[in-house]
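Worksheet for the structure shown next.
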Amino acid sequence: MKNIKIQAFALTLMLYGISSAAFGQKVNVQQQFNYAEQQTNYMLDELKTADTAGGLVSPRTFENGKFKLVNTKDWTSGFFAGILWFYYDYTRDAKWLKQAQIYTAKLTAEQFDKGTHDLGFMIYCSFGNGYRITGDTNYRKVVIQAAKSLSTRFNAKAGVIRSWDHNKDKWTYPVIIDNMMNLELLFEATRLTGDSSFYKIAVSHANHTIINHYRADYSSYHVVDYNPETGAVIQKNTAQGYSDESAWARGQAWGLYGYTMCYRETHDKKYLILAQNIAKFIFSNPTLPKDLIPYWDYNDPAIPNTPHDASAAAIAASALYELALYSPGSDYREKANTILANLNKSYKAPLNSNGDFILLHSTGHKPAKSEIDVPIIYADYYYLEALLRSKMTIKDYAGR
Ligand code: GLY
């Protein structure tokens, strides 16, 4: 009798399209992956005839009616390969393995790039996922070399990794909140090599960022400029946000994800507490819409007549699934479910449209009037990662 009841309950959940019944989850991962894979198949077709002159290798956005690719040096170059790895991870279909290998291989030279802090995004999302999923030792070597290249950007006096080399007239030693995401590559390199120097750099960067990037309300500045000789902070401002004192939506999501990951890697409670406080800032913000997809900046006075940033929501959802595992009794998992449900409902591109990206309505760089209310590849990456994470347990995070 008990078995019949359990079967009937499971059947009811299936009829409602609920795939992870044990957690009351409302996201049908299989259905969303089916759609996403079809969309990416169209994109792969489009890539066969796309203009790749000038070393364009990886899709970034669909803007002003144009499908836009980037070269390997672009900070977003690793996301498409990462998406292909997610499909392979989920389906184990050799077709996705082949595509993931092809698009990952295109980025090989970037392991030696010392001119950017974005190697975490570029190499960890591509080669890092590839290594995690296949154990290919060639990928392992690339991850380690990339961590060495990234480490050259660390200044011990300031205690942080330099983000940008451009706009030298404006900043001396700029560090942006986004840089928290690149630390995962360093933690991985210590795990792979036993060399703790990568770990120490990551921890130093995370600690200085808590002190210098975070405000009393747990929102974050975008850019903090350091004096590399003394380590003193010169100025705090923004590049992509509404104003120096505003809370740029994606920056808050990078911090939430970054400190959740730092807690996983170090078990240092202060990172967990900060991540929880960042979540509190985001979800108690009066400008956050009911669907939990934020406007591009929490302080844009034009709200609600201003664009959303679906990428910030996707990054936050992915972070929240992990943070929920470290925060028993929290509602983070329900929040992540709500975000995904709303992205699925109202933010998805119709099949074979919008450059064949998955999510609509992200905002890249509004002050520069660039990539406003468009699909962007990193929104798709973190959306798919969030779908996968919705099924993950604490054990699945070990070593990643
Ligand atoms: N890391 C650059 C951005 O989030 O736009």
Exercise. Just give me the residues in segment 299-352 being part of a loop (DSSP other than H, G, I, E, B), of a type in the set (S, T, N, Q) and open to solvent by 30 Å² or more (accessible area, probe 1.4 Å), in sequence order.
Key: 299, 305, 330, 352
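In this structure, is residue 273 among the β-branched types (Val, Ile, Thr), more than 16 Å from the ligand (Cβ to nearest atom), open to solvent by 10 Å² or more (accessible area, probe 1.4 Å) and touching a residue at least 24 places away in the same chain (Cβ under 8 Å)?
On the way: among the β-branched types (Val, Ile, Thr): yes; more than 16 Å from the ligand (Cβ to nearest atom): yes; open to solvent by 10 Å² or more (accessible area, probe 1.4 Å): yes; touching a residue at least 24 places away in the same chain (Cβ under 8 Å): no.
In short, no.
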Quiz item: What pairs come up if the first residue lies in segment 246-261 and is more than 16 Å from residue 217 (Cα to Cα), the second is open to solvent by 10 Å² or more (accessible area, probe 1.4 Å) and within 12 Å of the ligand (Cβ to nearest atom), and their beta carbons are under 6 Å apart, counting only those six or more places apart or on different chains?
Solution: 254/178; 254/181; 258/181
Quiz prompt | Residue check for residue 304: over 19 Å from residue 63 (Cα atoms) and out of contact with any helix residue (DSSP H, G or I) (no Cβ under 7 Å at 6 or more places or on another chain) | solution = yes
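Let's see how each residue does on (1) in contact with a Leu (Cβ under 8 Å, 6 or more places away or on another chain); (2) open to solvent by 20 Å² or more (accessible area, probe 1.4 Å):
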{"position": "157", "(1), (2)": "no, yes"}
{"position": "162", "(1), (2)": "no, yes"}
{"position": "179", "(1), (2)": "no, no"}
{"position": "193", "(1), (2)": "no, yes"}
{"position": "198", "(1), (2)": "yes, no"}
{"position": "212", "(1), (2)": "no, yes"}
{"position": "230", "(1), (2)": "no, yes"}
{"position": "248", "(1), (2)": "no, no"}
{"position": "252", "(1), (2)": "no, no"}
Quiz item: For residues in segment 358-369 being within 16 Å of the ligand (Cβ to nearest atom) and open to solvent by less than 40 Å² (accessible area, probe 1.4 Å), which is nearest to residue 48 (Cα to Cα)?
Solution: 359
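Out of all the residues in segment 144-190, which are among the hydroxyl-bearing types (Ser, Thr, Tyr) and within 14 Å of the ligand (Cβ to nearest atom)? Reasoning before the result, please.
Residues of segment 144-190 that are among the hydroxyl-bearing types (Ser, Thr, Tyr), as a first pass: 149, 151-152, 163, 172-173, 190.
Matches in segment 144-190: 163 only.
Restricting to segment 200-210, name every residue that is among the hydrophobic types (A, V, I, L, M, F, W, C) and either open to solvent by less than 10 Å² (accessible area, probe 1.4 Å) or within 16 Å of the ligand (Cβ to nearest atom) (or both).
202, 206
The values are calculated or read from the model by the stated rules, or taken from the named source; none is laboratory data. Being a predicted model, the structure only gives us computed values, none of them experimental. Quick reminder, even Gly has a Cβ in these numbers, built from the backbone with ideal geometry, and neighbours come from all protein chains shown. Protein only, heavy atoms only, side chains kept; ligands, DNA and RNA dropped before computing areas. Shrake-Rupley method; radii C 1.70, N 1.55, O 1.52, S 1.80 Å.
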